[in-house]
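What follows is a set of notes on a single structure, which appears directly below.
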Amino acid sequence: MIDKISLIAVYPEIILFAMTCLIALFDLGVKTTLRGATYALTMMTLAVVAILEAMYASGGQTTYAFGNMVVSDSMGNWLKCFATVAVMVTLVYGRPYAGQRDMLRGGELFTLSLFALLGMFVMISGNNFLVIYMGLELLTLSSYALVALRRDHVVATEAAIKYFVLGALASGFLLYGMSMLYGATGSLDITSVFKAIATGHVTHQVLVFGVVFIVAGLAFKLGVVPFHMWIPDVYQGAPTAVTLMIGGAPKLAAFGMTMRLLVEGMLPLAIDWQQMLMVLAIGSLLLGNLAAVMQTNVKRMLAFSTISQMGFVLLGLIAGVVNGNTLSAANAYSSSMFYVITYVLTTLASFGVILLLSREGFESEEIADFAGLNQRSPLYAGIMAVSMFSLAGIPPLAGFYAKLAVLQALVASGNPAYLYLAVFAVMMSLIGAFYYLRVIKVMYFDAPITASNVVAGADVRVVLCLNGALIIVLGLLPAGLMALCAQAVLQMLGT
Amino acid sequence: MGLLSLSIWTPIAFGIVLLALGRDDQAKTVRWVALIGALVSLLVTLPLYGQFNNQSAAMQFVENAPWIERFNINYHLGLDGISFWFVLLTAFINVIVVIAGWEVITSRVNQYMGAFLILSGLMIGVFCALDGMLFYVFFEATLIPMYLIIGIWGGPNKIYAAFKFFLYTLAGSLLLLVALIYLYTQSGGSFDLAVWYSLPLSSNVQTFIFFAFFAAFAVKVPMWPVHTWLPDVHVEAPTGGSAVLAAIMLKLGAYGFLRFSLPIAPDAAHEWAHFMIGLSLVAVVYVGLVAMVQQDMKKLVAYSSVAHMGFVTLGFFIFNDLGVSGGIVQMIAHGFVSGAMFLSIGVLYDRVHSRAIADYGGVVNTMPKFAAFALLFSMANCGLPGTAGFVGEWMVILGAVKFNFWIGFTAASALIFGAAYTLWMFKRVYLGAIGNDHVRDLTDINAREFLMMALLAAAVLYMGIYPKPFTDVMDASVAQLLKQIAVSKLPL
């Protein structure tokens, strides 16, 4: 018997699922090249879902549904809301690109994206190992198919295979870790696992073994060193619109999943997984930044930049528990959440410009393709510059406050090792500044190679401007989003 | 909106309007909007002068509003005798820079003017901020417009210079950021400077903080041996960029020492004073000698800036009234003089397109009006009595002699080098017979350039002849600062 409260908790998911199926059917009748009707219907669905999620999130209630299988809480709902908006923005930016590359022969771009989003929703709100795993598989299976959407394109197909093989391996890791925890605690339910671990009666070795595999699986999904190998190849190989679909919203879901598994499920084991995350973070900051310096392909450069940015997110996660004390947990985790959200926002803007510059038969992939963009279009050059400065963490842009929050969490932990870690992180972001600046240099200081004007549809133009403006506005007034993250995380920790 | 907010946001608002104004076919409108913007921005700072109370050492025109509640960061502005003149100086130099770039900049005029206006607002923000994080945000944000100014409108090697400028200064500031966050946690969650001033800190912590601040501010000043970015950047930057860099941006570093290093880590400052004095003397003497052998006018003035800023840091770290006030006066004077020096070079460069001293000679024959101004600015650069350059250096030297005769003696002897390289350059560029055909074809300065030179000349002379308004403003605040530094902050 399904009770009403359970249904209300997953209402947005139900709408999303039903509409996705409907859109898949509806699309069969759409014949236009850009699939305007499918696009419109998708956007409407996403808008409704986003508004619903925002309402749920600001309601601030925590509801466990379907016998604790899923949870609807403030943090999850905000993440889902932002993920939905991110998918919307991705589709706005990606549609003209996909249309020019014969990727809109069917409406799969839309339906697969919607299914991917549904997967993210399940990942974020799952309160059970298997539910989370299912969500993850739904997301990744849709993503594999999305990467391979240009089936006659060799590089994209190769990227899809690579993504699939490594992704399957990672899923295997995760599942293996989950089974260990199940063996040790006798439950797949996150709350019960937490309670079982907290009693201290469970064999520590088995637990740590399980944690290692779960962290490895998560590291794959987040794309941090040494599980980052797929990121550059897939980012570069996938059609750019799909790259954004993989590199944008799913980061929010991966963060949500990490919070559910590590924090909600295994906070008593924090001392173990924090050490692992610390090693991953140091590796990511080092390798991501150094490797990005060498890149000439902008997508590949942004891939390595993602790796380093995720390193920063992990830094926030390791500062939560200090000497068994969880006082600073809310501060630390909310700083990571803020980081992920601003990161996704900036990634959307930068890929939006890349997509905009790609024309029929021309991929704007090399950094050199941006040469003199300021002369061709000061507006789009400005948006790209704002994103780059924000990723580099220069105030007064959103990315700076993300770095500030994470560094503050590290320093506030009072652990001297973390102070050195903070210094290390800022030194790495100095290296990071170099390659972000290089993009700006190419756009502003170099002469253009082509004089052609940059043309954009009205929807792309408006969304891109809003996106860029939001990075600046969040830079000038970051208090609201920060408070929102703090509130959401605090509530999650409280239950 | 308070006066300080108005001073900060007026130029920024005009800058944004300029950026939105569009392309070069409306260059004329853009220039006029920029000039109006700069003038309005200057006008809104003038009431500060009327309403400032010289007798008080407290912060005035205070504005305080919560900004980021989660980290207890406040939009906290205020002005005291130390920061007062820099707000006006910044707004003034901004007007000059807009005039200087009038006809010279022909491509992307709106971005050029917009960048300078925004930059000016941000720099005023640095001088007004009383919240550590607000300070940092303004301090770092200045890098963005300056990076673009150097990179877009700079000389042949502009890209190298732009990167060097950005990364060099960012490296220092990132350590400052860590120190600020550390202070935030130590003070139990406050970025308020006043709280930090009264926060007891152990000797080790003070040393750590002092050197983290040092990394940021010494690079910005720049002090020897981290000055190497400055000559490269000055040479490549457009004239306006060089002028703002020398006149205001370098002062951000020196100001940081006064606002952060000295009062927050006074014991470390005392402990490392000899180190700082040593570096300052090296800057004054050695860099002065380096300036003498330069072939490039801009490089010469850049090295002379390093030497002059050496006087400033020397004055700060001898911890007496004359030294600190002298350092501040020197900062203001250097703002006028170095700005004027770079603009003079710009006037020549616009005509001949060379910065090499060897390409000139006998300019006085073809440009008599201009040469007269250049002579005045050169004299001010040497520190001739009656010009702005004299007052600050003299006060610092007096202070240094009081502190230790030999330090004062060394600093004073450096004045000779200053006179030598400046006058030698003046001789080679302006005096003598006409050197070549380029010089023969020179036309004297036009009304626009005359106006710009005359404004600066008036400032230089006024400050040299009657420096009292400048020193009067800062007396109370400097006395208060010295009292503060004298008290140990070590926990008992």
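Derivation of every value follows stated rules applied to the coordinates shown; laboratory data play no part. Given the structure is predicted, the values throughout are model-derived calculations rather than measurements. Methodologically, a virtual Cβ is constructed for each residue, glycine included, from the backbone with ideal geometry; neighbour enumeration extends over all protein chains shown.
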Quiz prompt | Pairwise FRET efficiency - residue B:405 versus residue A:458, Cβ, R0 = 60 Å, nearest 0.05 | solution = 0.20
Practice problem: Note the full-extension length gain between residue A:61 and residue A:424 as 0.36 nm times their separation in residues minus their Cα-Cα distance, in nm to one decimal. | Solution: 126.8 nm
Quiz item: Taking 1 over the mean of 1/r across every pair of different Cα atoms in chain A, what Kirkwood radius in Å do you get?
Solution: 22.5 Å
Practice problem: Using the charge dipole of the protein assembly as shown (Lys, Arg: +1 at Cβ; Asp, Glu: -1 at Cβ; taken about the Cα centre), state which of B:141, A:112, A:51 has its Cα farthest towards the positive end. | Solution: B:141
Practice problem: Rounded to the nearest 0.05, what FRET efficiency do residue A:192 and residue A:290 give with R0 = 51 Å and r taken as the Cβ-Cβ distance? Could you check? | Solution: 0.75
Quiz prompt | Simple label model, 7 Å out from Cα along Cβ direction - residue B:16 to residue B:194, nm | solution = 3.0 nm
Quiz item: Which value, in debye to the nearest 20, gives the size of the charge dipole of chain B about its Cα centre, when Lys and Arg are +1 and Asp and Glu are -1 at the Cβ?
Solution: 460 debye
Practice problem: Please list A:253-262, A:330-339, B:413-422 highest first by mean number of surrounding beta-carbon atoms within 10 Å per residue. | Solution: A:330-339, A:253-262, B:413-422
Quiz prompt | Kyte-Doolittle mean at least -0.5, axial Cα span of 27 Å or more - DSSP H helices of chain B | solution = B:27-51, B:109-128, B:158-186, B:297-316, B:321-352, B:405-430
Quiz item: Taking the convex hull of the alpha carbon atoms in region B:353-492, what volume per residue do you get, in Å³?
Solution: 167 Å³
Self-check item: Cleavage-rule hits (GluC sites (Glu not before Pro)) in region A:328-406: DSSP loop, at most 11 neighbouring Cβ within 10 angstrom
Solution: A:360
Quiz prompt | Footprinting exposure proxy for A:204, B:270 (fewest neighbouring C-beta atoms within 10 Å first) | solution = A:204, B:270
Self-check item: Of the DSSP H helices in chain A, those whose Cα atoms cover at least 24 Å axially and whose Kyte score averages 0.5 or more
Solution: A:36-59, A:74-100, A:108-125, A:129-147, A:154-185, A:204-222, A:270-293, A:298-318, A:329-357, A:416-445, A:458-476
Exercise. Could you tell me the distance between the Cα centroids of region B:160-206 and region B:378-398, to the nearest Å?
Key: 33 Å
Exercise. Determine by what factor the alpha-carbon radius of gyration of the protein assembly as shown differs from 2.2 N^0.38 Å, reporting the quotient.
Key: 1.00
Quiz prompt | Compactness index (Cα Rg / 2.2 N^0.38 Å), chain B | solution = 0.92
Quiz prompt | Dipole magnitude of region A:4-494, debye to nearest 20 (Cβ charges: Lys/Arg +1, Asp/Glu -1, about Cα centre) | solution = 340 debye
Practice problem: Just subtract the alpha-carbon distance of residue A:11 and residue A:451 from 0.36 nm times their residue separation and send over the number in nm, one decimal. | Solution: 153.4 nm
Self-check item: Listed residues B:421, B:396, B:467: farthest to the positive end of the dipole of the protein assembly as shown (Cβ charges)
Solution: B:421
Exercise. Can you tell me the dipole magnitude for the protein assembly as shown around its Cα centre, using point charges on the Cβ only (Lys, Arg +1; Asp, Glu -1), in Debye to the nearest 20?
Key: 700 debye
Quiz prompt | Per-residue average of Cβ from other chains inside 10 Å of B:177-185 | solution = 6
Quiz item: residue A:48 to residue B:43: FRET efficiency via 1/(1 + (r/R0)^6), r the Cβ-Cβ distance, R0 41 Å, to the nearest 0.05?
Solution: 0.20
Quiz item: For labels at residue A:25 and residue B:447 in the simple 7 Å Cα→Cβ model, what's the distance in nm?
Solution: 7.9 nm
Quiz item: Counting other C-beta atoms within 10 Å, which of A:69, A:88, B:309 has the fewest, and how do the rest follow?
Solution: A:69, A:88, B:309
